Amino acid sequence: MTLLSDLNLTMFPLFKRPPGIAVGVLLLSCIAGRAHAEIDVIKEFYGPFFLTGNQGELESTYVFNESMILNSVGFFTYSSPLTSLSYTLNNQLVTLTTDQLQLEESNGLRWFNLLTPLTVNKNSILTVRTQNTALPYTWSSMIGGIDSSSNVTFAGTTINGNNLTVDVTNSNLRVTALGGSNVAPEPGSFALALIGGAALIGICIRRRRNAA
């Protein structure tokens, strides 16, 4: 079996570099992936909170301040199937059913993950509509905070077409900056980069000794 140390390392430019540069390349690759992780536009909620007595239709509006990648649209259901569930992006309506959503999170939010993440242009508008005519209320939640790094503005929620409020939402968005991976690397990837860097250092030291 041919050992790595017996290979012609001139075939691999990375191995000819000083150890610090080789390790730096690996670490920068890992950090670059993490710089483009998924971001939830609304990062904190207070609730649950619901509207009673009017079977109200809720419509939340989001404005993209920069071109971003849309990965998922979240809906508040609180284990209750919605009779109307949709979102509209630049006048393109997408109608969904509760069965298409992921399992409910602890705060009552359920995600619809796009099969293919979608690039959304700057100044695009996305609205999310929910309604439950089978019950005397439609679920929503109080907003605790917006993540400014998402580059998406939450423009408020209307109830039955009026009564605009910026304190309540029926939804959330999950986005990624352009040019990045949709999912941040696992912690194990970072550990493997460090292990690989240590191996490269060992190879370089052995080559220096052999050349002396």
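The values are calculated or read from the model by the stated rules, or taken from the named source; none is laboratory data. None of the values given here were measured: they were computed from a predicted structure. Note that each Cβ is placed from the backbone with ideal geometry, even for glycine, and that neighbours are counted across all protein chains shown. The protein model used for the area step is the full one, side chains on, heavy atoms only, and it has no ligands, DNA or RNA in it. Shrake-Rupley method; radii C 1.70, N 1.55, O 1.52, S 1.80 Å.
Numbers below:
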| quantity | calculated |
| --- | --- |
| Answer residue from region 106-127, given it is open to solvent by less than 70 Å² (accessible area, probe 1.4 Å) and farther than 20 Å from Glu66 by Cβ and is modelled with the lowest pLDDT among those | Asn107 |
| Members of region 153-180 that are part of a loop (DSSP other than H, G, I, E, B) and polar (S, T, N, Q) | Asn160, Asn170 |
| Test result for Thr119, among the polar types (S, T, N, Q) and over 18 Å from the mean Cα position of the chain (by Cα) | no |
| Residue within region 172-181 that is free of Cβ contacts under 8 Å to residues at least 60 places away in the same chain and either open to solvent by 30 Å² or more (accessible area, probe 1.4 Å) or of a type in the set (Ser, Thr, Tyr) (or both) present | no |
| Enumeration of residues in region 130-161 that are open to solvent by 50 Å² or more (accessible area, probe 1.4 Å) and either touching a Phe, Trp or Tyr at 6+ places or on another chain (Cβ under 7 Å) or more than 21 Å from Thr95 (Cα to Cα) (or both) | Pro136, Tyr137, Met142, Ile146, Ser148, Ser149, Asn151, Thr153 |
| Hits in region 97-152 - residues which are without any contact (Cβ under 8 Å) to a residue 60 or more places away in the chain and part of a strand (DSSP E or B) | Arg110, Phe112, Asn113, Leu114, Leu115, Thr116, Leu118, Thr119, Val120 |
| Search result, residues across region 91-103 that are within 14 Å of Asn172 (Cβ to Cβ) and surrounded by 15 or more Cβ atoms within 10 Å (Cβ to Cβ) | Leu101 |
